[in-house]
Each structure stands twice: as structure tokens, then as C-alpha cells.
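Here is the structure we will look at, set down as C-alpha cells.
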Amino acid sequence: MNLLLVDTETKNSFRNDKYRKRFIKQTLEQISNADLTKPQTMDIVIHHWLLLSVAYEFEDIYLSCQAHLKAIELLKTTDNYVLLGRVYMHLGGLLNWASKGDSTVINEAIAYYEQAMSLFEQHDYAEFSCHILQQLAFAYGRLNNHKKARNYLYHAIHLNCQNMPLITSHLAYSFMETEEYEMAIKHFEQTLSLCEEAKTPYRWGYYIRGLAKAYEAVGDIEGAQRTLKRGSPRPDNLF
């Protein structure tokens, strides 16, 4: 999901060190000279900060976070709640990715995710709510708070979000982490049934191996072997 509305070509251009450094310098100069009393200029400056947040990802995560926060500060003065929520969500994702398991940083990411979630729920943006629920579940899983992670995943199921097999498989792996293998089997089976209903083999082999491991964990070797023989929902078997 392209949260900050920065196209792939622009993002890839920031990989070039010389171009990126020149862009950052010029954009910061434009921002410093901008007249924020003009609404149109405000929109341009917000977009500049979002571009800078992406450019800084290739240099310094801290500076990227600061650019996100500059954009958030300005967006709070507008009624663009969708973009504000997306920036909160992107910032949370950036921190979660850069945390290296640091619980303090992960909790900071969760705080931004929750601000995004609050906005999306207030304004009924279901598409983004589904995405953020999965991100919250992932973050809480990294903190080994599996109960809270599962609550978010069950909420996503209740909303009938897209990519349902991904959500139910996330639940299955969560139960594997806590050695609740019967529940893991239940959700892996649910995941495979959803894939079969949708006739999609996406990550089929991954789910098959997970289910087989769950059967092995409860001592059901026949169940594991039977699982490994299950064919993909389509002829192009990915397993």
C-alpha cells in the first residue's frame, strides 16, 4: 500500500546519492521560503515533507521520522484525515521496521498506529482500518503480547477485510508461538479453505508447511503427511 502517495519512480530516484542530496537541499530551501498562510502553499509544503521523509529513508531514519512529524504537524491544521492517518501509519511502520526488536521503539510505533486507527474508525475508512489492524497485530506479536495481537486479528476478520487468508494464517502462527497447536491447526485449515474458495495458490506452500508442523507438534504424523500431499487450488502448484 502506497501510504504517502509517492510514486515508485520518484522513490527509486532517491537511491541515487547525488540526486537525493541535491533534492533534499533544494526542497528544504523551498520549505523555508514558503508562505504557509496560503492554503495552496500549505498543501505543497506538506507534500514536500512527505517527499523528504521518503528521501531520508535512504540516509537517516531519525531524519525521516522528523520529516513525518513535520507533515503531521501541518496536516493537523487541515481536514485531510485520510492523509494524516496514512502518515501516522507509515511512521509507525518505519519505526517498527527500524526497531531491531527494541520494545521502546515498537511501543512508539504502536502509539502512531493507534492514532491512525482512531482516525480511520472515526471517519469510516474501512480499507485503511483493515491494514492498520494487521500492522498492530504484527507489532504486538513482536512484543510477545499474543493475546492483544489476536484481538486485532479477530477484529480484522469481523470487518471481513481483504487478504483474509493472510489474517487467519497470522492467527495460526501466533498460536504456534504459544504452542497452542490445536488452535493453530484450526486456523491453518481455515486459511487453506479460504485459498481454495478463492482459487488462489498465493503462499499455499507456506501455509501447507505450517499446518504440517502443527500436526507434527501434536504427534499426528499421518495428518502431517496427508497435509503435505494436498494440491494447490490451481494447476500452477506453488508447493
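Miscellaneous remarks
- Applied to segment 120-135, the Karplus parametrisation 6.51 cos²θ - 1.76 cosθ + 1.60 on θ = phi - 60° returns per-residue 3J(HN,Hα) values of 5, 6, 4, 10, 6, 9, 4, 4, 6, 4, 4, 5, 5, 4, 5, 5 Hz, with x for Gly and Pro.
- Heavy atoms of Arg20 accessible to a 1.4 Å probe, total area in Å² rounded to 10: 10
- Helix 146-158 and the longest principal axis of the C-alpha atoms of the chain enclose an angle of approximately 90°.
- Solvent-accessible area of Asp79 with every protein chain in place, 1.4 Å probe, in Å² to the nearest 10: 120
- Classified by the C-alpha gyration tensor, the chain has a prolate form. Its axis ratio a/c, with a ≥ b ≥ c, is 1.5 or above, and a/b is larger than b/c.
- Counting only lysines at least 8 places from Lys76 when in the same chain, those with an alpha carbon closer than 24 Å to its own are Lys38.
- Cα-Cα over 20 Å, subset of Lys100/Lys147; Lys147/Lys213; Lys186/Lys213: Lys100/Lys147; Lys147/Lys213
- In Å², nearest 10: area of Arg203 left accessible to a 1.4 Å probe: 80
- Note that segment 15-104, at 10 °C in a medium of 1.306 mPa s, gets a Stokes-Einstein diffusion coefficient of 115 µm²/s from its Kirkwood radius over C-alpha pairs.
- Reach of Lys21 by Cα under 13 Å, taken over aspartates and glutamates that are not fewer than 8 positions away in the same chain: Glu29, Glu57, Glu59, Asp60
- Accessible surface ranking that places the most exposed of Tyr152, Tyr125, Tyr207 first, with a 1.4 angstrom probe: Tyr125, Tyr152, Tyr207
- Whether segment 92-161 is rounded, prolate or oblate, judged on the alpha carbon gyration tensor where a/c under 1.5 counts as rounded: oblate
The values are calculated or read from the model by the stated rules, or taken from the named source; none is laboratory data. Quantities reported herein were computed from a predicted structural model and do not represent experimental measurements. For the accessible areas, the whole protein counts, side chains as well, though only heavy atoms, and no ligand, DNA or RNA atoms are used. Shrake-Rupley method; radii C 1.70, N 1.55, O 1.52, S 1.80 Å.
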